[in-house]
Structure formats: structure tokens, C-alpha cells
Amino acid sequence: MIRCINVCKTFDDREVLSNIDTTFEKGKTNLIIGQSGSGKTVLLKCMVGLHEVTSGDIMYSETNFSALSNKQRSEERKKIGMIFQGGALFDFATVEGNVLFPLNMFTNMSEEEKLDRANFCLRRVNLINVNHLYPSQISGGMQKRVAIARAIALNPKYLFCDEPNSGLDPITAGIIDNLIKELTIEYDITTIINTHDMNSVMQIGDKVMFIHEGKKWWEGSKDDILDSDNPELKKFVFASEMAQMVKKYHNRLKMK
Amino acid sequence: MNFFASIGKYTLFIHRVFSKPEKWSIYYSRTIIEIEKLGINSIGIVLIISVFMGAVITLQTAYNTTSPLLPTYIIGVAARDSILLEFSSTIVALILAGKVGSNISSEIGTMRITEQIDALEIMGVNSAGFLVMPKIIGAMFFFPVLTILSMVIGIFGGWLVGEFTGVITTMEYIKGIQWGFIPFYVTYSLVKSVIFAFIITSVAAFHGYHVKGGSLEVGKASTKAVVVSSILVLLFNLVITQLLLK
């Protein structure tokens, strides 16, 4: 479980996050949604310590992460897996090398055990026969899957995903979303996903938090979203033509 | 003020770079890779430049020492001392500041903007140490080798052009390069190359590591890294010369 307690973040004089107070639950896919520039990525980076919070606390279970020293944070971060928007795979390593990296760095496993674990993770994300390819030689969807495999290599307790399906076609995006959901349940991870993709929200959103202009405007489950009265959330959710059609259909069903 | 802020930031960066590694064996293998990337892959350019510079120094000395009072072997002496004292360490360092410096800065800068450095940090890896320490150590280890190669090839280039154009005979050239030889000049040159290696790699890495923005900023950081490290090489050349040769 991760708790954000009155988290504020300012850059110079610009307030990007204002009093974010929420709890992300274990074993669930927690989604942070909002428009581009609403502060989602900044919140995620505050939670993993890539940005320092201006005020407030980030609690990892009972540990106050924002109060830890750099050394203590490094230890805590070994429990974290993160999938970046662009994959952030290491150019200097092959697919296998990327998944092996955390194992080489932080375990005392034998070479054989590390290879077994890397291959297990790659198989888990349905990647076969790509071990010796470099990130530039595989597709965007495959890069995301390698990033997931790398993120789960050390059995993390917390999984952070920054727009994991951005730039992917709807089918591949769905596969990635389902994979993250499956892994969350399988390993009982606290998963936090930044997205502005409503398909993801409806597919895997156990808990959804809507951020607008750096403030928490709404939170609930994916089933509550369509019935919300929050004007900004409605504007966001029903922004696309497809969503408008769904809304009409939903209203028609309710009337019946 | 900005200057002092940069010095402070650079000092903190170097402190992080030389923090205790998470795993020595991985840093060791990265250092070997960096020796190949930064050192062995620079042998070609160093050899080409050295042979031509040795040749040009010999020709220029020959055409400017026309006095019958000066013995011909003085051409060999001048070529040797120019190569040993200045060319093989400083000029080669300036060339490497361009080649190696821009390479390091753009590599690390690209890793920064593609969030690879963030990914390292999230894993609990000291990204500055992991990425930069092997480069600095690799360069400090191999630049002296390049300097020695440059000395040998520069002197060879001088002999080659002397023989080819007839400005000096082989015997006189060999006499010249042996005459009044001070072995400390080699030590002085090697000391300089180690310090220049540190300056070039650390300054380039510093600029790459702190890139903010996109590919345009990576390019700007590379240019800045080359300019700053070149100026620092010249400045430290002056300081070291005063300290070691006075």
C-alpha cells in the first residue's frame, strides 16, 4: 500500500501538485488519470523519489519514503519496478541483458539461475526468441513488454507505470494492460498506472483517481466514472467521439 | 554566481561518481568496455594525426633552421621535444576532447532524455557512478597509452618525411632524437595525459548528465562539453607545466 499525504510540489513559483491525499491499495491496479500537463507524471516521479515533494509525505506501507536518506531510498527502491513511457530500455544491453541487469546488480544468484529468471520473466510477458536483439531492433509493444519483464525481475512490491500503452495500437495496448493487471494479482503488487487512455481505465481500473490542474478532483472505481457528476471528469471521460457514443448507449440502458 | 554554482554542482557530481559501487565486478567489466570504446577506438585517429604532425614539425623545423651554424640533427631534437612536451599530450588531448568528449556527453545526454538514467535510479543504482566512473577510469588508464603511441608514431612520421624529402638523413635524425634526451619529459607528458583524461571525461559526463529537454539540448551539451574541456585542458596544461618544469 502507498499513501500520499497532502503532497504538494512546486517548480520555482509554479504549483504543479496541490494537497494530493490518497491511498493506493495492494493487489489492485490504481490508475491516475488526467489531461496532459495535469501533474500525473510529476506525482508518479514524486512517489518514486525522482522529484522531491515540496511538502507532504509519501508512505510505503509504514515507511515514510520522502523522509528517507538517499542510501535508504536506494534500498527501498529495490522493491520498486517501473515502466517508463518510452520503455527506457538500456541501449547498451540486449533484451536479455536488460532483464538480467537488476539481477546482476542486486543478487548473488549463479549465472544459470539469473538466466533462468530472465527467461522466465521474458516468457511471462510472451517474448520468445528475442533475447539477443537490441531495443532498437524490436517494436514499441515489445519494448514495453521487455520493460515489464525487467520491472518484475526482482519480484517488486510496487509497480509504477507511466503511460504504459502510449504510442501503441489498441490491441497491443490492451495486451499490455491485461498483462499488468495479471501480474498485479499474481504477485500481489501495489500497481500505480498513469494514463489518459479511457480504454485502460475501463479495462483494468480497480481504483481511479482523476487529477486536474494539480489537484485531486475525483476518485472511485471504474464503474463509478460514468455516473459521476464531476464536470471536469465528465469532460475528460467523454472527450472522444467514441466515448460520446458509449455515453448515449449507457444513458439509453439506464432509461430502459 | 553561475560559475560558482557550476563548480559546486560539478563537485557534488564527482562525489557521486566516486561513491562506493554497488557491485565491483560489474564496474570492472564496464571499465573494460569503456577502455575499448574510448581508448582502443581512438588509436586510429591518434596514429593518423601523430604521423602527420610529426612530419609537419620536422619539415617546419628544417625550413626554418637554415643557418649553417646550426647542426642538421637539431631538426630531430626540435621534433622530439615538440612531440614529447606538447604535441603527444596536449594536442592529442584536444583532439580527444572533441572525439571522446562529444561521444560521452551525447551518450549520457541521450540516456537522460530517454529516461534510462531515471530507470537506473529507480532500480537503486547510483547512475552517476555506474555510467561515469568506468569512463573516467578507462580513459585515465588508456590515454597515457595513446600518448606513448603518439610519441612513437610522431617521431616515426618525422623520420619518414625527412627521409622522403631529404631534409635530414636517417643518421642525423636518430642522432637528433637521442641528443640531450631528458627522460622526465616522458613522465611529464604522461602525467598531463592522465589529468587531461580526467578533465575530458568528467566534464563531458557532467554536461551530458545534467541535460534537460530534448535532442537539441543534447547537441548543445555536447558542444559545451567540448568547448569547456578544451579550455580546461589548455588551462591545466599551463598550470602543470609551471609546476613540473620550473
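The values are calculated or read from the model by the stated rules, or taken from the named source; none is laboratory data. Owing to the predicted nature of the structure, the values given are computational and were not obtained by experimental measurement. As a convention, Cβ positions derive from the backbone with ideal geometry for all residues, glycine included, and neighbour counts pool all protein chains shown.
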Residues within segment B:123-173 that are touching a Gly at 6+ places or on another chain (Cβ under 8 Å) and among the β-branched types (Val, Ile, Thr), tallied: 7
message: Just to be sure before I move on: is B:ILE182 over 22 Å from B:HIS15 (Cα atoms), surrounded by 17 or more Cβ atoms within 10 Å (Cβ to Cβ), out of contact with any Leu (no Cβ under 7 Å at 6 or more places or on another chain) and of a type in the set (Val, Ile, Thr) in the structure I sent?
response: no
- prompt: Consider B:GLN116 against the criteria (1) free of Cβ contacts under 8 Å to residues at least 24 places away in the same chain; (2) more than 14 Å from chain A (Cβ to nearest Cβ); (3) of a type outside the set (A, V, I, L, M); (4) touching a helix residue (DSSP H, G or I) at 6+ places or on another chain (Cβ under 9 Å): it satisfies all of them except one. Which criterion is unmet?
  reply: (2)
message: For the list (1) within 9 Å of chain B (Cβ to nearest Cβ); (2) surrounded by fewer than 17 Cβ atoms within 10 Å (Cβ to Cβ); (3) outside any loop (DSSP other than H, G, I, E, B); (4) among the charged types (D, E, K, R), I need the number of the one condition that A:LYS71 fails.
response: (1)
- request: Take B:LYS212 and decide whether it is outside any helix (DSSP H, G or I) and not aromatic (Phe, Trp, Tyr).
  value: yes
task: Taking the residues in segment A:91-103 that are surrounded by fewer than 18 Cβ atoms within 10 Å (Cβ to Cβ) and in contact with a helix residue (DSSP H, G or I) (Cβ under 7 Å, 6 or more places away or on another chain) as candidates, determine which candidate is nearest to the other protein chains (Cβ to nearest Cβ).
output: A:ASP91
Enumeration of residues in segment A:108-137 that are surrounded by 15 or more Cβ atoms within 10 Å (Cβ to Cβ) and within 12 Å of chain B (Cβ to nearest Cβ): A:PRO135
- request: Check A:GLY81, A:GLY87, A:GLY56 and return the single one that is in a strand (DSSP E or B) and within 12 Å of another protein chain (Cβ to nearest Cβ).
  value: A:GLY81
task: Take segment B:99-131 and flag every residue that is hydroxyl-bearing (Ser, Thr, Tyr) and more than 24 Å from B:SER230 (Cα to Cα).
output: B:THR114, B:SER127
message: Scan segment A:8-17 and tell me whether some residue there is surrounded by fewer than 18 Cβ atoms within 10 Å (Cβ to Cβ), assigned to a loop (DSSP other than H, G, I, E, B) and free of Cβ contacts under 8 Å to residues at least 60 places away in the same chain.
response: yes
query: Which of the following residues is at pLDDT 90 or above and charged (D, E, K, R): A:ASP169, A:ASP116, A:ASP177?
result: A:ASP116
task: Scan the strands (runs of 3 or more DSSP E) fully inside segment A:138-256 and keep the ones with 1 or more residues being in contact with a Cys (Cβ under 8 Å, 6 or more places away or on another chain) and within 14 Å of another protein chain (Cβ to nearest Cβ).
output: A:190-195
